[in-house]
Structure formats: C-alpha cells, structure tokens
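Below is one structure, written out as structure tokens; comments come after it.
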Amino acid sequence: FRELNIISAACGAAHTLVCTYDDGVSNTWGFGSNSVGQIAMEQSGPKARIARPAIIPSLNLGVGIQEVACGAMHSLARSEVGDVFASGCNSHGQLGIDTKGRLFLKRF
C-alpha cells in the first residue's frame with residue numbers, strides 16, 4: 001500500500017478492509033479471515049482466509065467505495081453515492097436485515 005492513497009481502513013476480529021483512491025479509481029482490498037463472508041469474497045468457510053491484500057471484485061464494479069467499517073465478523077462499505085454494502089455474519093441482526101446467519105453481500 002506504500003504507493004496507494006488510502007482513504008479508509010478498518011479491522012474486524014480477524015479481517016481487514018482497506019479502501020484506496022488513485023487516479024480517479026477507487027479500489028477496496030481485503031485480507032484475513034473470510035470464514036463467514038466478512039471480506040465479501042466468494043470463498044468462505046472455516047478455513048477461508050486471504051493471506052495477502054486482494055482487491056474485492058464484488059466491491060470494485062464501478063460503485064466507488066469511499067469508506068469501510070468492520071465489526072468482529074462483518075463488514076460495511078459506503079459508496080460515493082451513499083449506497084451501503086454489508087457482508088458477513090448476521091447472527092444478531094448486525095447487518096440490518098432480517099435474515100440470520102451468513103450474508104455474502106447486500107446492497108442497501
């Protein structure tokens with residue numbers, strides 16, 4: 001990340017999200033545990049982990065993520081137009097939706 005302009009970063013219990021913005025392009029990166037989909041990568045499960053920072057494809061489709069936040073096992077991302085994306089564990093309703101359990105990615 002030395003050569004990238006970091007505009008937001010957040011850490012959960014065992015995962016990290018970083019949002020960068022350079023040359024008009026916003027990218028969201030994730031690394032660490034993705035056991036319940038908290039990094040919004042397709043592979044999840046007890047042993048799913050991202051060992052090195054990787055761009056999160058589902059959050060880099062031209063939505064312009066500007067800010068990220070993490071709970072212990074869930075993540076939120078806010079776009080430049082105010083859309084909020086949530087992923088990860090929702091066992092206590094922390095993602096703001098009625099569905100319990102894991103959520104890959106939900107746009108609000």
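The values are calculated or read from the model by the stated rules, or taken from the named source; none is laboratory data. No experiment lies behind these values; they were computed from the predicted model shown. Backbone-built Cβ (ideal geometry, glycine too); neighbour counts: all protein chains shown. To get the accessible areas, we keep the full protein, side chains included, count just its heavy atoms, and leave off ligands, DNA and RNA. Shrake-Rupley method; radii C 1.70, N 1.55, O 1.52, S 1.80 Å.
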- So what is the relative contact order for the chain, in percent, with contacts set as C-alpha pairs under 8 Å and at least six apart? 23 percent
- Task: Using a 1.4 Å probe and ignoring any ligands, DNA or RNA, find the accessible area of Phe1 and quote it in Å² to the nearest 10.
- Result: 90 Å²
- Charge-dipole axis of the chain as Lys and Arg at +1 and Asp and Glu at -1 on Cβ define it, positive-most pick from Pro46, Ser8, Ala69: Pro46
- Based on the alpha carbon coordinates of the chain, what radius of gyration and maximum Cα-Cα distance (Dmax) apply, in Å? 12.8, 41
- Simple spin-label estimate for Ile6/Asn27, 7 Å along Cα→Cβ, in nm, reads 1.5 nm
- the chain, accessible surface, carbon-and-sulfur percent (1.4 angstrom probe): 52 percent
- the chain - charge dipole about Cα centre, Lys and Arg +1 at Cβ, Asp and Glu -1, debye rounded to 20: 480 debye
- Gyration tensor verdict on region 39-91 (Cα atoms; rounded if a/c is under 1.5, prolate if a/b is larger than b/c, oblate otherwise): oblate
- Accessible-area order (highest first, 1.4 angstrom probe) of the listed residues Lys100, Lys47: Lys47, Lys100
- Average accessible surface area per residue within the chain, 1.4 Å rolling probe, Å²: 55 Å²
